[in-house]
Amino acid sequence: MELEGPTNAGLRYHDTGGDGPVVVLLHGVLMNGDVWAEIVDGLRDRYRCVVPELPFGGHGMPMPDRADLTLPSIARLIAEFLVELDLHDVTLVCNDWGGAQLVVEPGRSDRVSRLVLVSCEAFDNYPPGLPGRLLCLSASVPEGLFVAAQMLRFRWLRHLPFTFGNLSKKRVSNERFLGWTDPLRRDHRIRRDLRKYLRHVPSRRQLLDWAERQSAFRGPVLIVWAREDRLMPPVHAERLAKHFESSLLVWVDDSFTLIPIDQPEVLVRELRKFLGNATG
C-alpha cells in the first residue's frame, strides 16, 4: 500500500481501495500502520482496508502546528477522517491503543457499525503498565522523547519489560522497529506531536465515564485478546465482553499485546469470520 493524503486534518493513510466492505485499522503509540501489514494482506482480497497514520511518534509527516492532539481530540479526528473519505458501515479495529472505543464515544461517529478490540487499552488502563507511564514521564522532561528514541536504537534495551519487551513475544524485527521510531529520532516536530498527546492524560474518573458511555454502542463487537497479555489485563477482555450488548470474546495463545505480529494468521482468521458473519 502506498501512503495517501494528507487529509484536511493532516493525516496520511494507506488504502487498498476497492468496493468491498470497509475495515479501518488503528495502531498504537510509537508505531505506524506497518503493524497491520500481515493483517491487510490477509483481508485485501475481499475488504477495503484503510490504515491512518496517527500522530503517535511513528508518523512520517508532522501534524499542523496548532493541531489539538489530546486523546478525545484524536478520537474526533478519526471520526472526521471517516467523513472526509466518505466511509460508511465501517468496521473499526484497534490494537494496543484503545481508540476504536473512543471514536464511538466521545468521538460520536455514526459511521462505525462494528468494533474489533484487539488486546488494547480499556476502562482506566491508560497509559498501560510501566512502559506507558515511563513514556509519559519522558514527555514531561525537556528532550526526554529525543533521548528515549535514541536509546531504543539498542536492541537489548528495546526488548526489556519496561520498553517493548512485553508487547511482542516474537520480538519486532529491527527493520520494522526502526521504521516506527526513526521519525521520532529525526524530527523535532514529530516529537512535538507525540508530546502533545502524552502530556494530557485524562483522569481516572473521566476514563471510566467514557467507558460507561461506550456501552451504548449497539453494533457487533469482536474482542480478541492475548491470554498471556502483561499490559492489557485479560480481566478487561471479560469485562468488555459483558460491557457491550452484542459481543464475542476470542482468546489467543502464545502472544502478547501485538497479536498482529505474534499471531497474524489467527487474527486474520477471526476477522474474516467476524466480518463474513456481519457483512454477509
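List every residue pair whose Cβ atoms sit under 6 Å apart, with the two residues 6 or more apart in sequence or on different chains, where the first one lies in the range 199-222 and is at negative phi and without any contact (Cβ under 8 Å) to a residue 60 or more places away in the chain and the second, anywhere, is surrounded by 12 or more Cβ atoms within 10 Å (Cβ to Cβ) and aromatic (Phe, Trp, Tyr).
Nothing qualifies.
Answer with yes or no whether HIS88 is open to solvent by less than 20 Å² (accessible area, probe 1.4 Å) and assigned to a loop (DSSP other than H, G, I, E, B).
For HIS88, the condition - open to solvent by less than 20 Å² (accessible area, probe 1.4 Å) and assigned to a loop (DSSP other than H, G, I, E, B) - is not met.
Scan the range 64-81 residue by residue and report those that are in a loop (DSSP other than H, G, I, E, B) and open to solvent by less than 10 Å² (accessible area, probe 1.4 Å). First the steps, then the outcome.
At the first step, the residues of the range 64-81 found to be in a loop (DSSP other than H, G, I, E, B) are 64-70.
Answer for the range 64-81, where residues must be in a loop (DSSP other than H, G, I, E, B) and open to solvent by less than 10 Å² (accessible area, probe 1.4 Å): just LEU69.
Name every residue in the range 107-133 that is under 22 Å from PRO202 (Cα atoms) and open to solvent by 70 Å² or more (accessible area, probe 1.4 Å), in order of residue number.
Within the range 107-133, ARG108, LEU130, ARG133 qualify.
Kindly evaluate ILE39 against the criterion of being outside any loop (DSSP other than H, G, I, E, B), over 29 Å from ARG213 (Cα atoms) and touching a residue at least 60 places away in the same chain (Cβ under 8 Å).
Working: outside any loop (DSSP other than H, G, I, E, B): yes; over 29 Å from ARG213 (Cα atoms): yes; touching a residue at least 60 places away in the same chain (Cβ under 8 Å): yes.
In short, yes.
Pick out, from the range 217-280, the helices (runs of 4 or more DSSP H) lying fully within it that include 1 or more residues that are modelled with pLDDT under 95 and open to solvent by 50 Å² or more (accessible area, probe 1.4 Å). Lay out the reasoning, then the answer.
Numbers: elements: 234-243, 259-262, 264-279.
Hits in the range 217-280: 264-279.
Filter the range 102-137 for residues that are polar (S, T, N, Q) and at pLDDT 95 or above and give the result.
So in the range 102-137, the residues polar (S, T, N, Q) come out as 109, 113, 119, 125.
Passing the criteria: SER113, SER119, ASN125.
Assuming TYR126 fulfils every condition listed in (1) assigned to a loop (DSSP other than H, G, I, E, B); (2) among the aromatic types (Phe, Trp, Tyr); (3) over 14 Å from VAL29 (Cα atoms) apart from one, which condition is it?
Unmet condition: (3).
The values are calculated or read from the model by the stated rules, or taken from the named source; none is laboratory data. As the structure is a computational prediction, the values presented were derived from the model and not from experiment. No Cβ is skipped: glycine too gets one built from the backbone with ideal geometry, and neighbour counts run over all protein chains shown. What goes into the accessible areas is simple: the full protein's heavy atoms, side chains included, and nothing from ligands, DNA or RNA. Shrake-Rupley method; radii C 1.70, N 1.55, O 1.52, S 1.80 Å.
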